[in-house]
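One structure is given here, and the rest of the page talks about it.
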Amino acid sequence: MRRADDLSVLIFLFTLAATFFVSFLGRAHARKLNSNALADQKLSKWLVGLSAGATGNSAFIVTGAVGLGYTLGMPSLLLPFGWLFGDIAFWTFFPDKINRLGAETKAATLTDVIVSGLAPSMRRRIKLLAGTLILLCLTGYICGQWIAGQKFLEGAFGFSHLLSLVLFAALIVLYTGIGGFRGSVYADTLQAVIRIFGTSLALAAVIFVATRHPAAFWQNTAQASPTFFNLMPHGVLAATIFMSGFAAAAFGFGLGQPQMTSRYLAGRSPRETRSAWWIFIGFIQFTWIAMTMFGIVLRGIMPAIADPEAGLSLFFRTDMGPILTGLIVADIFATIAATSNSLLVAMAQTVKFDLIAMVTRRGPPLWPIVLVLGIASMAISAKLDRSVVTLVLSSISLLGAALAPAVMIRVLGWRRTGGSVIAAIIIGFITAALWKFFGLGAVLNEAAPGIAAGLAGNFVAVAALRREGTALAE
C-alpha cells in the first residue's frame, strides 16, 4: 500500500476507534439506568439535536444529495427547501409534547406512545401492525445505508463489492451491539461534529478547484442541461407543489420514524427537548444544502462520472491529498454509520419491546437482535440493485404516512378508538403506496396524501362509532 493510502486509512481507523470508544462509554452510562423508559435517559438539548440530526442525515446526504445536485443542478435544492417547512411545522408543535407524553406513559418505543390509553387487546393488535410496518420500512431504509456504505468502501479503498458490503455492515453491527441506545446517541453526536467539519471541507475544496479552471467549469455545466442553473424550471406553482410534498415528508419523518422520536422521548424535559430545534434544523439544512451544492459544482469539474452518488469520495481521491482524503473518508463513514446505527437500534427495540414482549415479558438483550437484523438486512441489500435515493425516500415516506397520523392523533388528544387507529395506519400506508405506484410521487411526495388519508380514516371511523352509540375507548 502506498504511503498516501496509509495516511488515509490511519485517519479512517482513528475515527472508527473514537466511534467504538463512545459506544463503550454509552454502554457504561446505560448500566446506571434501571428502566427501559426512554424518558429516564435525560438527554440534553445538544445530545437530542445533534444525534437526531446525524440520524436524519443518512447516506442520502453524502450520496443521494450529491448525485441529485450533479444530475439536476439547482432544482435539486427544492428538496431541502421543502423539507425546511415541514421541519419547522413539526418542531413548532410536537417534540415537547412527545417528550411529555413519553414520560407520563414510561414509553420504551414509539408504539408505546400510540397505544397508550387504549384497551389491552387493541394495544397488542396495534403493536403488531405498527411493529411489522416499522420492520418492513426500516429494512428498506437500512438496506439503502448498506448499499451506500458498500459504495463508500469500494470507492475509498478499492475493496471488492461483496467485501465492502460485509465489512461496512459488520463494523456498524458490532459497535451498535456494544453501545445500545445510549451508545447510539453518543456515537451519533460525535459523528455529527465530524459531519459539520467534513461538509465545510468538501464544499470549500470543490469550489477551490472550480475557481482554478473557470472556463472549463462553465463549459462543462453548459453541456449538462438547459435548466441546470434554473431553480424553478417548471414555474413557481409546480415548485410550490413539489416542496409541499417534501414538507409533508419531513413532517411525517419527525412524527413517524422511531429512530427519530426515540431522541425526543429521551430528552431531559419538554422544554429541553423543544430548545433543540435550532440545533437540529440548522444541522440538517447546512449539510443537505452544502452537499447538493457540492454536486452542482462537481458537475463542472468532473462531467463524466458514471455513478454521481459516489462523487464525493471520487473527487477527493482524484484531486486532493491523502490527509484531506482521509478526513473526508472519515466524514462519509460517520454520516452513513450514524443513521445505520440508529436504525438498527430502533428495529431491535421494536422487536424486543413491541413484538417479543407480546409473548414473553423477559426478552433477550438487544445485541443478539441487532446481530440477526444486521445479517438479514445485509443479505437483502446484497440482492438489491436500486439507488440510495429511491430506497431512502420511499421508506421514509411510506412509514411516515402510516404512523404520523396515529402519533399526531394521540399527542394532540384527538378522539380515537383502537379500531380508528388501526384504520389510520392501514389507510395512510396503502394510500401512500398506491400514490407512489401510479407515479404521482414525482409531482407530490406520497407522504402528503398518505398522512391526509390516515387522519381522515380516523375521523370517519370515530364518527361512525359515535353514530352507532359505541363508547369511545380512551
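The values are calculated or read from the model by the stated rules, or taken from the named source; none is laboratory data. All values derive from a computational prediction rather than experimental measurement. Methodologically, a virtual Cβ is constructed for each residue, glycine included, from the backbone with ideal geometry; neighbour enumeration extends over all protein chains shown.
If a residue must be among the hydroxyl-bearing types (Ser, Thr, Tyr), within 19 Å of Ser397 (Cβ to Cβ) and modelled with pLDDT of 85 or more, how many such residues does region 30-65 contain? Before you say what the answer is, go through the steps one by one.
Step one: of region 30-65, the residues among the hydroxyl-bearing types (Ser, Thr, Tyr) are 35, 44, 51, 55, 58, 63.
With within 19 Å of Ser397 (Cβ to Cβ) added as a condition, the list becomes 55, 58, 63.
With modelled with pLDDT of 85 or more added as a condition, the list becomes 55.
Final tally of qualifying residues: 1.
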Practice item. Name, by its number, the condition in (1) farther than 23 Å from Phe152 by Cβ; (2) in contact with a helix residue (DSSP H, G or I) (Cβ under 9 Å, 6 or more places away or on another chain); (3) among the aliphatic types (A, V, I, L, M) that does not hold for Leu201. Key: (1)
**Study point:** Filter result for the condition that a residue is crowded, with 21+ Cβ neighbours inside 10 Å, touching a Gly at 6+ places or on another chain (Cβ under 8 Å) and hydrophobic (A, V, I, L, M, F, W, C), over Ile356, Ile336
**Key:** Ile336
Practice item. Considering only region 64-93, state which residues are β-branched (Val, Ile, Thr) and farther than 19 Å from Ala250 by Cβ. Key: Val66, Thr71
Check your understanding: Among the residues of region 210-232, how many are part of a helix (DSSP H, G or I), among the β-branched types (Val, Ile, Thr) and at pLDDT below 90?
Key -> 1
Study note, to complete from the structure: Quick count over region 233-282, residues being in contact with a Pro (Cβ under 7 Å, 6 or more places away or on another chain) and not in a helix (DSSP H, G or I), is 1
Exercise for review: For residues that are among the basic types (Lys, Arg) and surrounded by 18 or more Cβ atoms within 10 Å (Cβ to Cβ), tally how many sit in region 177-236.
Suggested key: 2
Exercise for review: Search region 92-104 for residues being assigned to a helix (DSSP H, G or I) and of a type in the set (A, V, I, L, M, F, W, C), and hand back the single one that is farthest from Lys42 (Cα to Cα).
Suggested key: Phe93
Exercise for review: Scan region 387-440 for residues that are at pLDDT 90 or above, farther than 29 Å from Glu104 by Cβ and among the β-branched types (Val, Ile, Thr) and jot them down.
Suggested key: Ile430, Thr431
Review point. In the set Ala107, Ala89, which member is part of a loop (DSSP other than H, G, I, E, B), touching a residue at least 60 places away in the same chain (Cβ under 8 Å) and hydrophobic (A, V, I, L, M, F, W, C)?
Key: Ala107
Check your understanding: Are any of the residues in region 157-166 among the hydrophobic types (A, V, I, L, M, F, W, C) and closer than 17 Å to Ala334 by Cβ?
Key -> yes
Check your understanding: at pLDDT 85 or above, of a type in the set (A, V, I, L, M), buried (at least 19 other Cβ atoms within 10 Å of the Cβ) and in contact with a strand residue (DSSP E or B) (Cβ under 6 Å, 6 or more places away or on another chain): does that describe Ala290?
Key -> no
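Please verify whether region 353-367 includes one or more residues that are under 23 Å from Ala447 (Cβ atoms) and modelled with pLDDT under 90.
Start the filter on region 353-367 by keeping residues that are under 23 Å from Ala447 (Cβ atoms), which leaves 354.
Those still in the list that are modelled with pLDDT under 90 too: 354.
Yes, the conditions are met somewhere in region 353-367.
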Practice item. State all residues of region 118-143 that are crowded, with 17+ Cβ neighbours inside 10 Å and not in a helix (DSSP H, G or I); if no residue qualifies, say none. Key: Leu118
Point to revise | Close pairs from region 304-322: first in contact (Cβ under 8 Å) with a residue 12 or more places away in the chain, partner among the aromatic types (Phe, Trp, Tyr), Cβ under 6 Å, at least 6 apart | key: Pro308/Tyr70; Gly311/Tyr70
Check your understanding: Does at least one position in region 80-98 carry a residue that is buried (at least 20 other Cβ atoms within 10 Å of the Cβ) and of a type in the set (Ser, Thr, Tyr)?
Key -> no
